[in-house]
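To start, the structure under review is shown below, and the notes come after it.
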Amino acid sequence: ENKSGTFTIPSSVTDIHYGAFFDCRNLTAINIPNSVKHIDGAAFMGCTSLTEIVIPEGITEIASQIFEGCTSLASVTIPESVTEIGDNSFEYCRSLTSITIPQNVTSISSSTFWGCDNLTEMNLNGNSNYLFENQTLFNKDKTELLCCLNSRVTEYTIPNSVKKIGDFAFTDCDLESITIPNSVTTIGDDAFYRCWYLTSITLPESLTEIGGYAFAHCGNLKTVIMPESVVKIEESAFYRCDSLAFN
């Protein structure tokens with residue numbers, strides 16, 4: 001049923017199933033009672049008029065794609081009970097400017113915030129499992145770069161401690177230049193997918209692996225300096241890089 005306006009879920013409800021409010025484009029607000037203990041993936045996917053949501057205490061997982069395409073969502077309250085934030089859970093939440101991650105979260109997908117063009121602030125709220133610095137999310141020892149929250153960044157220098165650039169880390173970013181240090185050994189899947197403004201890149205001598213679709217659809221990428229250290233290039237790593245010449 002296509003709910004509109006404000007909807008209050010009855011207090012007898014304990015589970016919200018997969019896609020329960022999928023594409024309810026007129027839904028502006030929803031009240032979720034504390035009786036709800038589990039919300040499946042894509043539950044609010046495509047609710048383009050939903051502006052805020054409070055997830056009740058007791059929920060332990062923000063499931064995959066749960067708020068994907070909620071383009072008006074500006075405020076999300078995540079309870080302390082949450083330990084996992086899944087794949088693409090906030091994809092294209094373009095009105096989201098800041099978010100607070102509870103201290104008990106131990107799992108955040110690299111694709112969680114894909115397409116969140118205006119998300120530039122993250123409060124880790126005492127969470128010691130991650131590090132947020134320069135609008136970028138890292139694992140706690142700063143060896144993996146999980147995601148760059150500001151997709152409008154044009155220049156970026158990856159810190160020397162980073163060994164892995166995570167999956168989807170810079171997907172759809174406006175990068176014109178990127179500096180990758182000699183500490184990096186792995187570039188994850190889709191890491192620079194559709195970085196349209198990237199024209200050249202020098203890969204470090206430390207690099208051994210390039211993930212699938214890592215530079216796919218980088219249509220203006222003309223030059224890649226490829227070191228001999230690379231031993232594995234996954235499927236379609238440079239798919240539709242039509243301007244590309246290797247050096």
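The values are calculated or read from the model by the stated rules, or taken from the named source; none is laboratory data. Worth saying up front: this structure is predicted, and the values here are computed from it rather than measured. Please note: Cβ atoms are built from the backbone with ideal geometry, for glycine as well, and neighbour counts cover all protein chains shown. All accessible areas refer to the heavy atoms of the entire protein, side chains included, with ligands and DNA or RNA removed. Shrake-Rupley method; radii C 1.70, N 1.55, O 1.52, S 1.80 Å.
A few points about this structure:
- Ranked by the mean number of other Cβ atoms within 10 Å of their residues, highest first, the peptides 187-197, 68-78 fall in the order 187-197, 68-78.
- For the range 19-81, the ratio of Cα radius of gyration to the globular rule of thumb 2.2 N^0.38 Å stands at 1.01.
- Cα pair distances of the range 142-190 binned at 5 Å [whole percent]: 5, 23, 32, 28, 10, 0
- Per residue, the accessible area of the range 32-172 comes to 38 Å² when a 1.4 Å probe rolls over the protein heavy atoms.
- About the Cα centre, charge dipole magnitude for the range 89-182 (Lys/Arg +1, Asp/Glu -1 at Cβ), debye: 280
- Magnitude of the charge dipole, the chain, Cβ model with Lys/Arg +1 and Asp/Glu -1, debye to 20: 260
- Separation of the GLU121 and PHE7 label points, Cα + 7 Å toward Cβ, nm: 3.1
- Extension gain from TYR18 to SER206, taking 0.36 nm per residue of separation minus the Cα-Cα distance: 63.4 nm
- Heavy-atom surface analysis with a 1.4 Å probe gives the range 185-247 a carbon and sulfur content of 48 percent of its accessible area.
- Protection proxy ranking of 12-20, 27-35 - average other beta-carbon atoms within 10 Å, highest first: 27-35, 12-20
- Cut-off 17 Å, label 7 Å out along Cα→Cβ of THR199, residues of the range 166-188 by amide N: 174-179
- Reduced Cα scattering model of the chain, Debye log10 I(q)/I(0), q = 0.12, 0.14, 0.17 Å⁻¹: -0.70, -0.90, -1.18
- Across the range 147-247, Cα-Cα distances exceeding 21 Å account for 20% of all pairs.
- Heavy-atom accessible surface of the range 1-124: percent carbon and sulfur, 1.4 Å: 44
- Stokes-Einstein D in µm²/s, Kirkwood radius over Cα pairs - the range 33-154 at 37 °C with 0.692 mPa s viscosity: 231
- Using a Förster distance of 25 Å, the FRET efficiency for ALA74-ASP40 (Cβ separation, nearest 0.05): 0.60
- Taking 1.002 mPa s as the viscosity and 20 °C as the temperature, the Stokes-Einstein diffusion coefficient of the range 1-105 based on its alpha-carbon Kirkwood radius rounds to 161 µm²/s.
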